[in-house]
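Peer 1: Submitted below is the structure of interest, expressed as structure tokens.
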Amino acid sequence: MQKVYIETYGCTLNKGDTLIMKTLLKDREFVDDPREADVIMINTCAVRLETEERMKKRISELRKFGKKLVVAGCLSGAEPGTIMSIAPEASLIGPQAIEKVKDVIDGNLRSALTGERASITPHVMEGKVGIIPIADGCAGDCNFCITKLARRKLRSYPLRSIIDSAKFALSKGAVELELTGQDTAAYGLDYGASIRLPEVVRQVTELDGDFMVRIGMMTPEQASSIIDDLIEVIRLKKVYKFIHLPVQSGDDEVLKLMNRKYTIEEYKGIVKELRTKVPFLNVTTDIIIGHPGETEEAFENTISLMKEMRFERIHLAIYSMRSNTRSASMPQIPDKVKKQRMNVAYKLYEDISLSIHKEYEGKMTSLLLTEVGKQGSTIGRTVNYIPVVVKGDHQLGRRADVKIDEASFFDLKGHLV
Ligand code: SF4
């Protein structure tokens, strides 16, 4: 039997793609050591420049085993030429051509960069958490984004197969289901929008069992197109009061240069409506520091937005120039300036997040225990998805009442009562 070795990098979508490819290759044997393999596959990520450098180094290392080499993932989709310059003998599979993995591995196809929607919905189990990608690609076209070059088209997975995947994860003991995608709120637009995200969430919550649903990242413009139904489903008992709504910048001119489809006033309006209609809602976001066009004044607008919105969690990233993206051809901000601004923004994020967490100290809260923590601890999530490190090794999947003893900017610490 042919032996296949697969190494996977990047986000849950990429992990899901590896699962789909493994499912399609179920007549092969998967090995954990590239030396034992007949075929070596690396499923790459390309989100940041330093990630690309890491991938290129790893591809050079894997070549040395002298086996059939297959390079999959976003680097293949966005920069096939770069890979060919390092490993001209390699076969490539784009993230939206994974259903052709057998033909590429068997040599019927030299490479596959585009293809049809995969018919199966993957689910990735991480402990007691079932991660279920509901769509691939997005409806946006942001100027800084290399993922768009790799995952060009929005492709929603059929609702039936999402439900099957959720059922499968629950049958495997999942107590938390994460519905993920690059833009979960864009779900169904490629199906004529007859079924949108709220219906997916509703049907998943109707499955039997005591579990929680976390809705993944979404763009503000798509969130606003489904806002009433979205509010209704977030209010359901089985759904975390949590929303991940990347704003990327606090300045309208920079948003235009990013080709983001909303203004800061519109963004604030969406967050205000969500927070008003969903008690305890935790809104988190992503912000890019140092995107081309970010003047000192624009940066100050981002800082003001952070102070006004008081996000509990922010994924802050320094702008990373990605080849073949439109932002890469714009005049760049010097690294020194980017780093200085990042330090200011990060310090503010820490201060705000700590002050939000401090409000929980001494309070009681109910948690769902979902992960094994460090040093014999257990991690649970509040109803609005704040991580709590609980003293002791407790059974995962149970609900527990906890007293919060201590807050840090990153999480809370407490003990069972
Ligand atoms: S919405 Fe924008 S940032 Fe997000 S994946 Fe699509 S193009 Fe990239």
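Peer 1: Any idea what Rg and Dmax come out to for the stretch 364-416 if you just take the C-alpha atoms, in Å?
Peer 2: In Å, with Rg to one decimal and Dmax whole: 9.4, 26.
Peer 1: Using a Förster distance of 51 Å, how high is the FRET efficiency between Leu348 and Val31, based on the Cβ-Cβ distance and rounded to 0.05?
Peer 2: The calculated FRET efficiency here is 0.60.
Peer 1: Still on this structure: In the stretch 212-328, with Lys and Arg counted as +1 and Asp and Glu as -1 at Cβ, which of these residues, Tyr240, Pro292, Met218, has the Cα nearest the positive end of the dipole, that is, farthest along it?
Peer 2: Positive-end residue among those listed: Tyr240.
Peer 1: How large is the direction-averaged shadow of the alpha-carbon convex hull of the stretch 15-99, in nm²?
Peer 2: Its average projected convex-hull area is 5.4 nm².
Peer 1: Report the Rg/Rh value for the chain, based on alpha-carbon coordinates and the Kirkwood definition of Rh.
Peer 2: With Rh from the inverse mean 1/r over Cα pairs, Rg/Rh is 0.97.
Peer 1: Rounded to whole Hz and in sequence order, give me ³J(HN,Hα) for the stretch 322-331 from the Karplus expression 6.51 cos²θ - 1.76 cosθ + 1.60, θ = phi - 60°, writing x for Gly and Pro.
Peer 2: Ordered by residue, 3J(HN,Hα) equals 10, 4, 6, 8, 5, 4, 5, 8, 8, x Hz.
Peer 1: Taking the Cβ-Cβ separation of Glu89 and Lys57 as r and a Förster radius of 25 Å, what is the calculated FRET efficiency to the nearest 0.05?
Peer 2: Once rounded, the FRET efficiency stands at 0.90.
Peer 1: Right, next: Quick one: compute a quarter of the convex hull surface over the Cα atoms of the stretch 124-358 and quote it in nm².
Peer 2: Here the figure is 13.0 nm², rounded to one decimal.
Peer 1: Once the whole set of protein chains is in place, how much accessible area is left on Thr325, using a 1.4 Å probe, in Å² to the nearest 10?
Peer 2: The accessible area comes out at roughly 10 Å².
Peer 1: Could you sort Ile195, Ile59 by their accessible area in this structure, using a 1.4 Å probe and putting the largest first?
Peer 2: Sorted descending by solvent-accessible area, the residues read Ile195, Ile59.
Peer 1: List, largest first, the extents of the alpha carbons of the stretch 342-387 along their principal axes, each in whole Å.
Peer 2: Ordered largest first, the stretch 342-387 gives principal extents of 34, 23, 17 Å.
Peer 1: Could you work out how much longer the chain between Lys256 and Phe410 gets when fully extended? Use 0.36 nm per residue separation minus the Cα distance between them, nm to one decimal.
Peer 2: Gain on stretching Lys256 to Phe410: 52.3 nm.
Peer 1: Would you work out the charge dipole size for the stretch 124-358 about its Cα centre, treating the Cβ of every Lys and Arg as +1 and the Cβ of every Asp and Glu as -1, and quote it to the nearest 20 debye?
Peer 2: Rounded to the nearest 20 debye, it is 440 debye.
Peer 1: Counting only residues 5 or more places away or on other chains, whose amide H sits under 5 Å from the amide H of Ile6 once H atoms are built in the peptide plane?
Peer 2: Val31, Met41
Peer 1: Which whole-Hz couplings ³J(HN,Hα) result when phi for each residue of the stretch 178-193 is put into the Karplus expression 6.51 cos²θ - 1.76 cosθ + 1.60, θ = phi - 60°, listed in order with x for Gly and Pro?
Peer 2: Computed from phi, the couplings for the stretch 178-193 are 9, 8, 10, x, 5, 8, 4, 6, 7, 3, x, 4, 7, 10, x, 6 Hz.
Peer 1: Considering only Lys15, Lys347, Lys261, give the residue with the highest GNM mean-square fluctuation for the chain, with springs between Cα atoms whenever their separation is below 10 Å.
Peer 2: In the Gaussian network model the winner is Lys347.
Peer 1: Sticking with this structure for a sec: Please list, ordered by chain and number, the residues whose modelled amide H lies under 5 Å from the amide H of Met125; skip anything fewer than 5 residues away on the same chain.
Peer 2: Ile131
Peer 1: Please work out how much accessible surface Arg214 shows to a 1.4 Å probe, ignoring ligands, DNA and RNA, in Å² rounded to 10.
Peer 2: Looks like 50 Å² after rounding.
Peer 1: Could you give the length gained by full extension between Asp38 and Asp106, i.e. 0.36 nm per residue of separation minus their alpha carbon distance, to one decimal place?
Peer 2: Extending this stretch completely gives an extra 23.4 nm.
Peer 1: Give me the distance between the Cα centres of the stretch 276-310 and the stretch 181-225, rounded to whole Å.
Peer 2: Taking the Cα centre of the stretch 181-225 as reference, the centre of the stretch 276-310 is 24 Å away.
Peer 1: Report the FRET efficiency, 1/(1 + (r/R0)^6), for Glu361 and Phe168, where r is their Cβ-Cβ distance and R0 is 35 Å, rounded to 0.05.
Peer 2: Efficiency computed from Cβ-Cβ geometry: 0.30.
Peer 1: What fraction of the DSSP beta bridges in the chain is antiparallel, stated in percent and rounded to the nearest 5?
Peer 2: About 35 percent, rounded to the nearest 5.
Peer 1: Run through all the Cα pairs of the stretch 1-62 and give the fraction in each 5 Å bin from 0, expressed as whole percent.
Peer 2: All Cα pairs considered, the percentages come to 4, 18, 25, 23, 19, 9, 3, 0.
Peer 1: Karplus couplings for the stretch 361-372 from phi (6.51 cos²θ - 1.76 cosθ + 1.60, θ = phi - 60°), rounded to Hz, Gly and Pro as x?
Peer 2: Whole-Hz 3J(HN,Hα) from phi for the stretch 361-372: 4, x, 8, 9, 8, 9, 10, 10, 7, 10, 9, 7.
Peer 1: Still on this structure, I have one more. Once ligands and nucleic acids are excluded and a 1.4 Å probe is used, how much of Met84 is accessible, expressed in Å² to the nearest 10?
Peer 2: Accessible area, nearest 10 Å²: 60 Å².
Peer 1: What residue among Ala37, Leu149, Tyr319 has its Cα farthest toward the positive end of the dipole of the chain, where the charges are +1 on Lys, Arg and -1 on Asp, Glu, each on the Cβ?
Peer 2: The residue sitting most towards the positive pole is Ala37.
Peer 1: Can you give me the C-alpha center-to-center distance between the stretch 333-368 and the stretch 21-66, rounded to a whole angstrom?
Peer 2: Each part's Cα centre sits 36 Å from the other's.
Peer 1: Something else now. Ignoring ligands, DNA and RNA, how do Asp27, Asp136 rank by accessible area with a 1.4 Å probe, largest first?
Peer 2: Asp27, Asp136
Peer 1: How large is the translational diffusion coefficient of the stretch 143-187 in µm² per second when you combine the Kirkwood radius over alpha carbon pairs with Stokes-Einstein at 4 °C and 1.567 mPa s?
Peer 2: It diffuses with D of about 104 µm²/s by this estimate.
Peer 1: Hey, can you grab everything whose amide H is under 5 Å from the amide H of Val247? Only 5+ residues off in sequence or another chain; H modelled, so Pro and N-termini drop out.
Peer 2: Asp286
Peer 1: Right, another one. Give the cysteines in the chain for which no other Cys Cβ lies under 4.7 Å away, or write none if there are none.
Peer 2: Lone cysteines by the Cβ rule: Cys11, Cys45, Cys74, Cys138.
Peer 1: Which of the pairs Lys15/Lys57; Lys172/Lys261; Lys256/Lys339; Lys241/Lys336; Lys15/Lys307; Lys148/Lys403 have their Cα atoms more than 32 Å apart in this structure?
Peer 2: From the list (Lys15/Lys57; Lys172/Lys261; Lys256/Lys339; Lys241/Lys336; Lys15/Lys307; Lys148/Lys403), the Cα-Cα distance tops 32 Å for Lys172/Lys261; Lys241/Lys336; Lys15/Lys307; Lys148/Lys403.
Peer 1: While we're here: If you place +1 on the Cβ of every Lys and Arg, -1 on the Cβ of every Asp and Glu, and leave all else neutral, what size is the dipole of the chain about its Cα centre, to the nearest 20 Debye?
Peer 2: Dipole magnitude for the chain comes out near 560 debye.
The values are calculated or read from the model by the stated rules, or taken from the named source; none is laboratory data. This structure is a prediction, so every number in the text was calculated from the model and none was measured. Glycine gets a Cβ as well: all are built from the backbone with ideal geometry, and neighbour counts include every protein chain shown. Keep in mind that these areas ignore ligands, DNA and RNA; they rest on the heavy atoms of the full protein, side chains included. Shrake-Rupley method; radii C 1.70, N 1.55, O 1.52, S 1.80 Å.
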